[in-house]
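Before any comments, here is the structure.
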There are 2 protein chains.
Amino acid sequence: MIFIEHSATRDEKEPGVTERTGHRAAPEHTHPDDVPVLAALAALSDPVRVALVRELAGSPEWTRSCGSFDVPVGKAALSHHFAVLRGAGLVEQRDNGPRRVNRLRREEFDARFPGLLDLVLRADALG
Amino acid sequence: MIFIEHSATRDEKEPGVTERTGHRAAPEHTHPDDVPVLAALAALSDPVRVALVRELAGSPEWTRSCGSFDVPVGKAALSHHFAVLRGAGLVEQRDNGPRRVNRLRREEFDARFPGLLDLVLRADALG
DNA sequence: CCGAGTGTTCGATGAAAATCATACACTCGC
DNA sequence: GCGAGTGTATGATTTTCATCGAACACTCGG
């Protein structure tokens with residue numbers, strides 16, 4: 001078993017060059033503070049993305065790879081949806097070996113859009 | 001005072017049959033409690049509709065007719081947007097003479113989706 | 001009863017978004 | 001290195017949605 005080193009959270013640290021062997025482009029992230037309200041709402045207006053967010057909220061951080069979600073779309077579309085979620089400041093991604101693991105940016109997103117995530121996550125009778 | 005009586009809904013009437021004696025069809029409303037989260041978010045994901053909601057929030061109830069809003073779309077599109085807002089439980093409409101006046105369903109919508117309206121209404125630097 | 005003002009409906013159009021299939025890039029165990 | 005596993009990029013197709021113009025419906029004041 002190999003662990004991901006990469007110290008800890010580098011929120012204020014520029015990602016720069018990872019000390020990993022390969023040269024795989026690190027995913028580009030957008031902080032929730034830089035996300036317009038409309039973009040956040042648009043990102044959460046898609047059933048597939050909401051399913052991803054909900055499933056992600058129910059798992060420990062950095063434990064779910066992109067392919068491990070139960071959504072009825074191919075992997076191309078899936079990749080696209082994760083890009084949208086990243087751009088909306090909803091998820092953070094990190095490369096772990098061949099797979100890309102995810103984390104829901106609960107605190108940061110909540111600070112920027114209070115209550116919005118709770119709204120989407122609360123199990124409702126009406127979807 | 002005479003109110004719109006509208007004896008019974010005649011949704012399944014054959015086209016062309018207008019046996020009403022000159023009353024306009026009352027707008028069909030959806031209570032926020034019957035609105036899925038996704039529909040609410042989708043309704044608020046459009047810049048024109050957000051502009052309508054914001055402008056409406058800044059005016060007393062039942063004072064704004066549909067045509068009185070400053071949005072860069074024709075009246076056909078405008079009518080469509082109001083229908084969406086109605087369907088999302090965001091606005092209530094009432095016929096007043098030749099015009100249709102509006103009201104933002106603040107309390108009801110807030111009870112169903114706490115914080116969502118505040119999020120959209122708060123004047124943000126980032127739209 | 002007519003005409004101006006107001007809003008809806010309909011059909012068409014254009015743009016944006018979701019999706020897929022394919023091809024490509026990277027990592028790791030063997 | 002090879003090859004399986006994983007995710008991205010690209011291009012094409014489909015769907016969805018916002019928009020418009022025109023026709024229609026309703027109300028009210030002359």
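Overview of results
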| quantity | calculated |
| --- | --- |
| Top-ranked residue of the stretch A:94-109 - restricted to ones that are within 14 Å of DNA strand C (Cβ to nearest atom) and surrounded by 14 or more Cβ atoms within 10 Å (Cβ to Cβ), ranked as farthest from the other protein chains (Cβ to nearest Cβ) | A:96 |
| Every residue from the stretch B:33-54 that is within 9 Å of DNA strand D (Cβ to nearest atom) and within 15 Å of residue B:104 (Cα to Cα) | B:43, B:49 |
| Failed condition for residue A:55, given (1) over 19 Å from residue A:122 (Cβ atoms); (2) open to solvent by 30 Å² or more (accessible area, probe 1.4 Å) | (1) |
| Residue among A:82, A:109 that is of a type in the set (Phe, Trp, Tyr) and away from DNA strand D (no atom under 16 Å from the Cβ) | A:109 |
| Matching residues, the stretch A:98-114, being touching a Leu at 6+ places or on another chain (Cβ under 7 Å) and closer than 23 Å to residue B:126 by Cβ | A:104, A:105, A:106, A:109, A:110, A:113 |
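The values are calculated or read from the model by the stated rules, or taken from the named source; none is laboratory data. Quantities reported herein were computed from a predicted structural model and do not represent experimental measurements. As a convention, Cβ positions derive from the backbone with ideal geometry for all residues, glycine included, and neighbour counts pool all protein chains shown. Please note that ligands, DNA and RNA were not included when accessible areas were found on the heavy atoms of the full protein model with its side chains. Shrake-Rupley method; radii C 1.70, N 1.55, O 1.52, S 1.80 Å.
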